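Visitor: Below is the structure I would like to discuss, written out as C-alpha cells.
The values are calculated or read from the model by the stated rules, or taken from the named source; none is laboratory data. On a predicted model such as this, the values are computed, not experimentally measured, just so you know. We place every Cβ from the backbone using ideal geometry, glycine too, and count neighbours over all the protein chains shown.
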Amino acid sequence: MASRVARIKKGGAPVGDTTGADAPGDPSIEGTGPDLLLSANGPQPQRDLPARAASNSLPDSDSTLLSLEHVRISYRLRRSVVEAVGDATFQMDRHERLMLIGPSGCGKSTLLKAVAGFIEPEGGTIRFDGRSDLTPGPDRAVVFQEFDQLFPWRTVIENVAYPLRVTGHERAEARQRAEFFLEMTGLAAAADRHPHELSGGMKQRVAIARALALEPAMLLMDEPFGSLDAITRVRLQGELKRIADRTRVAIFFVTHSILEALTLGDRIVVLGSPPSHVRTVVDVRELGGPTDPRYIEVQQHLHEQLGATDKDLSGVEL
Ligand SMILES: Nc1ncnc2c1ncn2[C@@H]1O[C@H](COP(=O)(O)OP(=O)(O)O)[C@@H](O)[C@H]1O
Ligand SMILES: [Mg+2]
C-alpha cells in the first residue's frame, strides 16, 4: 500500500492544523469580518433550543462512535520524517469519556488532530460515526490548552455565538443558544466581557461553552486544563463531568496526568513512546474513589505503563 505522510504546511505544521471554523488565526475566517455576528444572513429556519443539551433522556446506544484501526502518522520535515504514531487501534462508544494518556511527544495531540480532521494519517483508518473521509466539522468540536483560542476583540457571548453563525444559525438563535451554554458553564454574568477581562479558568470555560454550543457528537479536548492552577483545574474537572453527564457529549480527552485521567475518564488509553502504540486500555468505570484498593492498583499500573521516572507523568499533580 502506498505510504502517505501527514500533509505539512510550511514551517512543519500539518495541513489543516487550525482550530477549525473558530480559529482566531484562520485568515479565511477572519476574512469574513468581525461583524459577521451582527450581519443579517437571510431568513433561517428557527430551530429549537438545544434539545440535546437540555435533556439527558436520549436513549442509550452502545454503538461505536469512533474507531481507529492501525493508524500511523508521521510528519515530513525538510530533511527527515518524524514518526509520531506507529500503530493506534482503539474504539470509543457514543457518550463515552475516553482519556488518552502518554509521555510528551508520543503523539496524543497528533491523534486528536487526526480525529478532528486537521491531519490525515499515512496509514490505517479513522472512522467517525460511520465515515472515514474526515474533514473538520462541527460534529467534533475542539478545545485546546492555550488561553488565546478566543477572539480577543469579541465579547464572551460573541465568541460563543460566532461559530454558530458560521455554521448557518440565524443571529437571534445563535445568541439564544450561546446564552444557554454560558449559563451551563457558569459564565452568564461575564457574557459582555472581553477575553482580556477573564481569568484563565473563565477563558477555558468560554472555549468549552463555544464547543458545546455546536452540539457536537464529540468534544475533542487537548490538555484543556493543563495551564490552570491546581484548584481551578479540579473545579473545572468537576464541572466538565457534570456537563458531560447532562449533555451526554462524548469526550476524547488528552492529558498527561494520571489523576486527571482517573478522575474524568470512563476508559484510559495509554500510549507508549513514539512511534507510539497502544500499550494498554484501562476501564475505570467500576472503580470507587481514591481509597478503593482497586483504584490504587490501577493507578500503580498506569504509573508502571507510563514509566514512573518520567517527570511529566508525576500523576501526583492535578
Ligand atoms: N507540526 C509538526 N511538525 C513536525 N513534527 C511534529 C509536528 N507536530 C508534532 N510533531 C512531532 O510529532 C511527535 C508527536 O507530537 P505530539 O502529537 O504533539 O505529542 P504529544 O501531544 O503526545 O506531546 C513529536 O515528536 C513532535 O515533535
Ligand atoms: Mg500534546
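Visitor: Just to check your reading of the model, which residue among SER257, SER276, SER314 is within 16 Å of ligand 1 (Cβ to nearest atom) and at pLDDT below 90?
Guide: Only one candidate qualifies: SER314.
Visitor: Just to confirm my filter: which strands (runs of 3 or more DSSP E) fall fully inside region 185-296 and include at least 1 residues that are in contact (Cβ under 8 Å) with a residue 60 or more places away in the chain and of a type in the set (Val, Ile, Thr)?
Guide: Strands (runs of 3 or more DSSP E) meeting the threshold: 250-255, 267-271, 276-283.
Visitor: Working carefully through the options PHE147, PHE151, PHE181, find the one that is within 19 Å of the chain's Cα centre (by Cα) and modelled with pLDDT under 95.
Guide: PHE147
Visitor: Within region 149-171, how many residues turn out to be over 26 Å from SER199 (Cβ atoms) and in a helix (DSSP H, G or I)?
Guide: Selection size over region 149-171: 3.
Visitor: TYR162 versus (1) farther than 29 Å from THR263 by Cβ; (2) more than 15 Å from ligand 1 (Cβ to nearest atom); (3) surrounded by fewer than 24 Cβ atoms within 10 Å (Cβ to Cβ): which is the lone unmet condition?
Guide: (3)
Visitor: Also, I was wondering about something else. Check whether at least one residue in region 170-191 is crowded, with 17+ Cβ neighbours inside 10 Å, touching a strand residue (DSSP E or B) at 6+ places or on another chain (Cβ under 8 Å) and within 22 Å of ILE231 (Cβ to Cβ), and report yes or no.
Guide: Within region 170-191, none of the residues are crowded, with 17+ Cβ neighbours inside 10 Å, touching a strand residue (DSSP E or B) at 6+ places or on another chain (Cβ under 8 Å) and within 22 Å of ILE231 (Cβ to Cβ).
Visitor: Then there's this: Restricting attention to region 132-155, does a residue exist that is of a type in the set (Val, Ile, Thr), away from ligand 2 (no atom under 16 Å from the Cβ), more than 25 Å from LEU262 (Cα to Cα) and crowded, with 16+ Cβ neighbours inside 10 Å?
Guide: yes
Visitor: For the structure I just gave you, tell me whether THR135 is hydroxyl-bearing (Ser, Thr, Tyr), more than 16 Å from ligand 1 (Cβ to nearest atom) and touching an Asp or Glu at 6+ places or on another chain (Cβ under 8 Å). Walk me through how you get there before you give the answer.
Guide: Values: hydroxyl-bearing (Ser, Thr, Tyr): yes; more than 16 Å from ligand 1 (Cβ to nearest atom): yes; touching an Asp or Glu at 6+ places or on another chain (Cβ under 8 Å): no.
It is false that THR135 is hydroxyl-bearing (Ser, Thr, Tyr), more than 16 Å from ligand 1 (Cβ to nearest atom) and touching an Asp or Glu at 6+ places or on another chain (Cβ under 8 Å).
Conditions (1) surrounded by 16 or more Cβ atoms within 10 Å (Cβ to Cβ); (2) aromatic (Phe, Trp, Tyr); (3) in a loop (DSSP other than H, G, I, E, B), marked per residue:
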residue	(1), (2), (3)
LEU68	yes, no, no
VAL71	yes, no, no
TYR75	yes, yes, no
HIS95	yes, no, yes
LEU100	yes, no, no
SER109	yes, no, no
